[in-house]
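Student: Quick one: structure below, then a few questions.
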Amino acid sequence: MVPTSFYIFLAALLFTIGAVAVLVRRNTLIIYMAVELMLNSANLAFVAFARQFGDISGQLFVFFVITIAAAEVAVGLALIVTIFHTKHSVDIDAMHELKG
Amino acid sequence: MFLETVAHEGATFFHLAPLAVFVPLLGVLLNAFFGRRWGERGVAIVAVGASGFAFVIAVLQALSLMAHPEGAVVPIAEWITIGDLRVAWAQKIDTLSVTMMLVVSGVGTLIHIYAVSYMHYDVRYKGDPGRYARFFVYFNLFIAMMMILVTGDSYLTLFVGWEGVGLCSFLLIGFWYEMDILGRPSTANARAAMKAFVVNRVGDAGFLLAMFLTFWFFGSLQFDEVFPRVHEVAAEHPWVLLAISLLLLLGVTGKSAQIPLFVWLPDAMAGPTPVSALIHAATMVTAGVYLITRSHEIYAAAPMAQEIAAMVGGLTALVAASMAVSQYDIKKVLAYSTISQLGFMVAAVGMGAFVAGMFHLVTHAFFKALLFLGSGSVIIALERAHHPLPEEGGHGHEHDEHGHHAEHHDEHEPFNPQDMRVMGGLLKRIPVTAWTYIIAALALAGIPPLAGFWSKDEILLEAKHLQPVVYALLSAAAFLTAFYITRQVLMVFFGKPRSEAAAHAVESPRLMTGVLVTLAVLSAVGGFMNAPGVHAFGHWLEHTLGHVPVLEFDPVVAGVSTLIGLVAIFLAWRVYRATFAWTEWSQDPLRRYLRGLYDVLAHAWYWDELYQVVFVRGYRALAGFLAFAVDWTFWHDWFHDVLIAGGYRRLSRFLSQPVDLGIIDGIANGLGNSVRGLALVMRRLQSGYVRNYALAVMLGVVSMLVYVAWALR
Amino acid sequence: MTVPVTWQDVAALLPEFFLVVWASALLLLDVFWIREKRTTAWLSALGFVVALVLAVGQMGRAPLLAFRGMVIADAFSVFLVALFALSGLVGILLAQDYLARNGIERGEFYVLLMFSVVGMMLMARVADLVMIFLALELFSLPLYVMTGFARPRADSEEAALKYFLLGAFASGFMAFGIALVYGATSTTSLPHMVDVIQAGEADLALLTAGAALVLTGLGFKIATVPFHMWTPDVYHGAPSPVSGFMAATAKMAGFAALLRLFVLVFPVVADLTPVLWALAALSMVLGNVAAIAQRNIKRLLAYSSIAHAGYMLSAAVAFADPHLGPQAVAAILFYLVAYVLATFGAWGVVILLERRIGQEGLLLEDYAGLSRQYPGLAAAMAVFMLSFIGVPPTLGFFGKFYLFRVVLDAGFVGLALIGVLTSLVSAYYYLRVVMLMYMKPGEPIVRREPRVQATVLAAAALTLFLGLTAASSLYAWATEAILRFG
């Protein structure tokens, strides 16, 4: 059996990749995908721990996160589409009217 | 006699003490809601009545104290309760607080009466008669707040009053907030109010911290619980009392306008003259002196703080007196004089001469209020001669319908009725004002047997025994005091009139002169209550302050101080004698002797400018820097461009160097190009803004995790 | 296998249940039957009134774990649930006229607001890690949409996107933090977690790291430095009633969960105390100092809200002290009440002065001369500003008093010092508003919108009245709202 710590390291790696991608990408959709990667790395960690503890509640959490991520996608895509209508771009750097 | 029976048999009126707060508050409410409907007469009756009632209450407290000198604590309301901390609002009635009550409500009522007439003119000359009621609302509110301050039985209650009077001061300095003192549209008065408020907040920070420390180490803010434990705490933590007393001193320097926070008081003269008399001369600014006297146990346990306080007071007395020497504004002279005299008081209570300090507080309230009210009378006299109100039917020069003199003075400076250069020869035109003014001036100069002589002499006597350096400072200040007040009297009342208005000045109405005469009598005889051999005032305060050693009257000290005063008056007369013949003011004669120094003094040693440069500008710059630079430019430009993009560029250059050198050709070419290309893409990617915010989150997380790793290592 | 839902479960979450059912029904009604959007507004307001009554009805009950330990109805949560219901009501009162006059009144706004409030209520109820994440997202998602409600205005859309992306980013940290906490304690149930930790079976390193990440997620919602940077932009770009609603309630919701987690479950990770200390100090300093340079009232209030988050967090620094925990909770609850009142009031004034959405009437200069024409409104605004500074006798003074007392009792003298000094700094920009209103001539244009005006005046009256008379009893009430599991 693969030790839990391996999973956790993988999850942490994915999480870091996601977080860094949020920082460096400029396409709003890709940034959002990176956020999804962060959430899913949390899922991976959760499932790994749940397997270690033999505990069902950890796996339950994953389902909730997936559901929430779906809801977030709905809201996020709606926002991105709206903005695309106004600005004809999904470039996050185009959004800098509000500052100071 | 009823009163004697009361005094001897001990009928007490302590339970009436809360009325001294609530009746003025009632006046506030009545005038706030119905003031406009009642007209000036109604407003005046309510306001003077409320203040006078407070005075009657104060007198009754004094009578009660004669029978029961130990005083009483009168509970009013339960206020804050948190666990073990209970703060009830109660009034502490003892000889100290009642002294302050008497001064505040007594002098306060006189000034109220004066203001009834003064404000009648003022609101008309400033063009908004509707503001009459508002003035008395603030004035009564001030009396109420001052009563809360002086009767509070804990630091917290005192602080509430302290802030309350500060608020009233703020409101009244900015009473004509849309103009400057000459009635021109400007934010000058509003800025003066703001300055007073802000500077006082610095002092208040000290007071607040002192309260925190007190609560921390004493577990209470009640005077009755704090003071008995002073020695116990002093033995455990010697630095605590020093810290508390120094922080309190910071509060005092704010409220009582001492170095380094005195800069707000000269600007506070933007308020109407009765405000200057009541708040910025007689009562509120003395709250700091009261605070030190009230905390005398704490100060007694911190000798170093006492020395510092005495030095602060002594220096302020001297510096402010020097600034007063070269002012032209009749009220500015008095403002610096007030700072200087407050310096005397702070020096006195600072070195432990509490009776002397409080004594000077009382006499100063009399003669300084009189000086201010007299200057107000002069100002109104000139205004009325310059352009009489329509109701007086006069034909002034430049008289206009609205009483506004802002509109038709575009080309030249408008007439400034506060400028002493346009006065002169007023002794004949307004004799009552002039003679009462001269009495007050002599009292200030410390000429026997007027009130100021006795109290100042007592301070000097104590200083000579306790702190000789301060004695020297105060003596020098006394010299300058006599000099500048003589200069003022000569410029205003003697010589020839130097303007049309001064030549046609009219004496103020009876209501105003009546108050002046009353205060003149008090300034003349008020000193005898603690004259050598009498010491009634000292014995009265002993009930609160404990035994006070009475120093023997020292004819040398008294003689020297009288001599100093007389010499100064003589010198001033010698210097300014030349101006008696002038019909127009030219260069100040004193300037010939002092030259450049004169300008330094006239600009108040450039103190304001210094603060402007050091604090105000620095503070603004810091704020702007943090808002724009740190939040925006910093993250964006510095972090992204310099660190990430710059670093990447350098890295890519380093990586592409082998390519340029041709060491790795062919295959590597593609790699180098793509790295360079990526660098270009990256750099363009770095210009986003949301990214900055995410980066901040990221940095926060990383530093937290680094810390956690370090803490758990 | 069926999971029985007992009446007890329903009773524990009665206000939330009611609001969910009501909001769902309203969503359908709004689409199919209701013609006038105003009807939707009134019906949702009615829903909040009922929820408030139901929440008040829960007061004084013994703590009750429901839904197999997922949520809890204790005094703390009931206190906040009642406050949330009231806030929802105020939110609708502030929003309705504004939306109508700017042509963006759509029925789903009110429904979204109701769902958001349900999420916030659940934040106060959490007894399980799963619930924290669910409730957080439930109240955040509607807020993202509401922020962008003024579409197609670019600023509103931009604010919404920023809020959404950064919110999702922060949620990622939160989720990963929850995973780590779960890994450290082998349970998601908070009461069980307390047992595990007390038995010493928890992996402390993992738990501390997880707690730090959870703190990131919650710190984002309450807008503490350095997780605050979205705040000024989002408050600036969102329609003003939404900004006001967020400023007041999202902060409350964040603190509800933060207190529950840190005071009840995480005292063992006392290693995080300096981290909280730093977050609080940074927030107080940066929020207050940055606010000084603001010319737009919405941004000013945004920075001010960051500073207030710092003040409240400074009491939470004492979370690891078992004796001070309850006091800190009470002080923060009290401060929240004062903060929420002044925030709603101040944003109400902003709404009244905003001429066209996001365009005119938002600069500080636009407040000049307000006291001349609208003395009541100016006085109310002055009360809010004074309460924000903490001048007696406003409620804000008592809030700061109780807060700093806890901070001092916990021995964080430096933090209390920073608090006192920064509130002095804050006087500068708050009083500038007062000075403009009272001492500068000007011709402000103010909407006549009785509902908003009444809300503003009521908030001012309460700020003053509670400060003068009922501060102690309010604090006593907050003290009774002790956090508990069973």
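Student: Looking at (1) in contact with a strand residue (DSSP E or B) (Cβ under 7 Å, 6 or more places away or on another chain); (2) at pLDDT below 90, find the lone condition where B:Met66 falls short.
Tutor: (1)
Student: What's the total number of residues in segment B:231-282 that are at negative phi and either of a type in the set (A, V, I, L, M) or not in a helix (DSSP H, G or I) (or both)?
Tutor: 34
Student: Taking only segment A:80-96 into account, find how many residues are within 19 Å of C:Met229 (Cβ to Cβ), touching a helix residue (DSSP H, G or I) at 6+ places or on another chain (Cβ under 6 Å) and at the interface with another protein chain (Cβ under 8 Å from one of its Cβ atoms).
Tutor: Residues flagged as within 19 Å of C:Met229 (Cβ to Cβ), touching a helix residue (DSSP H, G or I) at 6+ places or on another chain (Cβ under 6 Å) and at the interface with another protein chain (Cβ under 8 Å from one of its Cβ atoms) within segment A:80-96 amount to 2.
Student: Quick one: which helices (runs of 4 or more DSSP H) lie wholly within segment C:192-248 and hold at least 2 residues that are within 25 Å of C:Arg484 (Cα to Cα) and at the interface with another protein chain (Cβ under 10 Å from one of its Cβ atoms)?
Tutor: Because the criterion is at least 2 residues that are within 25 Å of C:Arg484 (Cα to Cα) and at the interface with another protein chain (Cβ under 10 Å from one of its Cβ atoms), the helices (runs of 4 or more DSSP H) in segment C:192-248 that meet it are C:204-222.
Student: Please go through segment A:13-32 and give me each residue that is buried (at least 16 other Cβ atoms within 10 Å of the Cβ), assigned to a helix (DSSP H, G or I) and not hydroxyl-bearing (Ser, Thr, Tyr), ordered by number.
Tutor: Of everything in segment A:13-32, those that are buried (at least 16 other Cβ atoms within 10 Å of the Cβ), assigned to a helix (DSSP H, G or I) and not hydroxyl-bearing (Ser, Thr, Tyr) turn out to be A:Leu14, A:Phe15, A:Gly18, A:Ala19, A:Ala21, A:Val22, A:Leu23, A:Val24, A:Ile31.
Student: Quick one: in segment B:506-527, of everything that is surrounded by 15 or more Cβ atoms within 10 Å (Cβ to Cβ) and over 27 Å from the mean Cα position of the chain (by Cα), which residue is farthest from B:Leu96 (Cα to Cα)?
Tutor: The extreme case among them is B:Val506.
Student: So for segment C:150-163 (the condition being charged (D, E, K, R), over 30 Å from C:Asp9 (Cα atoms), surrounded by fewer than 23 Cβ atoms within 10 Å (Cβ to Cβ) and away from chain A (no Cβ under 11 Å)), does at least one residue qualify?
Tutor: no
Student: Could you pull out every one of the helices (runs of 4 or more DSSP H) wholly within segment B:129-229 that has 1 or more residues that are under 30 Å from B:Ala54 (Cα atoms) and within 13 Å of another protein chain (Cβ to nearest Cβ)?
Tutor: Counting at least 1 such residues, we get B:132-151, B:155-173, B:188-218.
Student: So, one more: Which residues, counting only those in segment C:408-418, are facing chain B (nearest Cβ under 10 Å) and either crowded, with 22+ Cβ neighbours inside 10 Å or under 26 Å from the mean Cα position of the chain (by Cα) (or both)?
Tutor: C:Leu408, C:Asp409, C:Ala416, C:Leu417
Student: Going through segment A:26-47 one residue at a time, which ones are of a type in the set (A, V, I, L, M, F, W, C) and within 10 Å of the chain's Cα centre (by Cα)?
Tutor: Those that are of a type in the set (A, V, I, L, M, F, W, C) and within 10 Å of the chain's Cα centre (by Cα): A:Ile31, A:Met33, A:Ala34, A:Val35, A:Leu37, A:Met38, A:Leu39, A:Ala42.
Student: What tally of residues in segment C:458-486 results from selecting those that are of a type in the set (Val, Ile, Thr), within 13 Å of chain B (Cβ to nearest Cβ) and under 27 Å from C:Phe319 (Cα atoms)?
Tutor: Qualifying residue count, segment C:458-486: 1.
Student: Report, by residue number, each residue of segment A:42-57 that is over 21 Å from C:Ala170 (Cβ atoms), more than 7 Å from every other protein chain (Cβ to nearest Cβ) and assigned to a helix (DSSP H, G or I).
Tutor: A:Val47, A:Ala48, A:Ala50, A:Arg51, A:Gln52, A:Ile56
Student: Would you mind stating whether B:Trp435 is assigned to a helix (DSSP H, G or I), in the same structural domain as B:Met351 (by TED's automatic domain parsing), under 30 Å from B:Val312 (Cα atoms) and aromatic (Phe, Trp, Tyr)?
Tutor: When the stated conditions are applied, B:Trp435 does not pass them.
Student: Would it be correct to say that C:Gly148 is modelled with pLDDT under 95, in a helix (DSSP H, G or I), closer than 28 Å to C:Val71 by Cα and of a type outside the set (D, E, K, R)?
Tutor: So C:Gly148 fails the test.
Student: Restricting to segment B:579-606, name every residue that is more than 27 Å from B:Leu261 (Cα to Cα) and loosely packed, with under 12 Cβ neighbours inside 10 Å.
Tutor: If the condition is that a residue be more than 27 Å from B:Leu261 (Cα to Cα) and loosely packed, with under 12 Cβ neighbours inside 10 Å, then B:Ala581, B:Glu584, B:Ser586, B:Gln587, B:Arg592, B:Tyr593, B:Arg595 are the ones that fit.
Student: For A:Leu39, state whether it is in contact (Cβ under 8 Å) with a residue 12 or more places away in the chain, at the interface with chain C (Cβ under 7 Å from one of its Cβ atoms) and at negative phi.
Tutor: In short, yes.
Student: Going through C:Leu352, C:Leu421, C:Leu386, C:Leu377 one at a time, which residue ends up being aliphatic (A, V, I, L, M), within 14 Å of another protein chain (Cβ to nearest Cβ), surrounded by 22 or more Cβ atoms within 10 Å (Cβ to Cβ) and assigned to a helix (DSSP H, G or I)?
Tutor: Answer to the selection: C:Leu386.
Student: Here's something else I'd like to know. Tally the residues that are surrounded by fewer than 24 Cβ atoms within 10 Å (Cβ to Cβ) and part of a helix (DSSP H, G or I), restricting the search to segment B:117-128.
Tutor: Count: 6.
Student: Regarding C:Leu134, is this residue over 23 Å from C:Val275 (Cα atoms) and surrounded by fewer than 24 Cβ atoms within 10 Å (Cβ to Cβ)?
Tutor: yes
Student: At the interface with chain A (Cβ under 10 Å from one of its Cβ atoms), of a type outside the set (D, E, K, R) and over 30 Å from C:Ala85 (Cβ atoms): which single residue out of C:Thr147, C:Thr187 fits that description?
Tutor: Going through C:Thr147, C:Thr187 in turn, just one is at the interface with chain A (Cβ under 10 Å from one of its Cβ atoms), of a type outside the set (D, E, K, R) and over 30 Å from C:Ala85 (Cβ atoms): C:Thr187.
Student: When residues of segment C:277-328 are filtered for being aliphatic (A, V, I, L, M), without any contact (Cβ under 8 Å) to a residue 24 or more places away in the chain and not in a helix (DSSP H, G or I), how many remain?
Tutor: Total satisfying the criteria: 1.
Student: Can you tell me which of (1) within 14 Å of chain C (Cβ to nearest Cβ); (2) within 29 Å of the chain's Cα centre (by Cα) is the one B:Leu242 doesn't meet?
Tutor: (1)
Student: Here is a further query. Could you tell me which residue of segment C:169-182 is farthest from C:Ala212 (Cα to Cα), considering only residues that are facing chain A (nearest Cβ under 8 Å) and out of contact with any Leu (no Cβ under 8 Å at 6 or more places or on another chain)?
Tutor: C:Phe169
The values are calculated or read from the model by the stated rules, or taken from the named source; none is laboratory data. Predicted model only: the values in this text are computed from it and were never measured. Every residue, glycine as well, gets a Cβ built from its backbone with ideal geometry; the counts of neighbours run over all protein chains shown.
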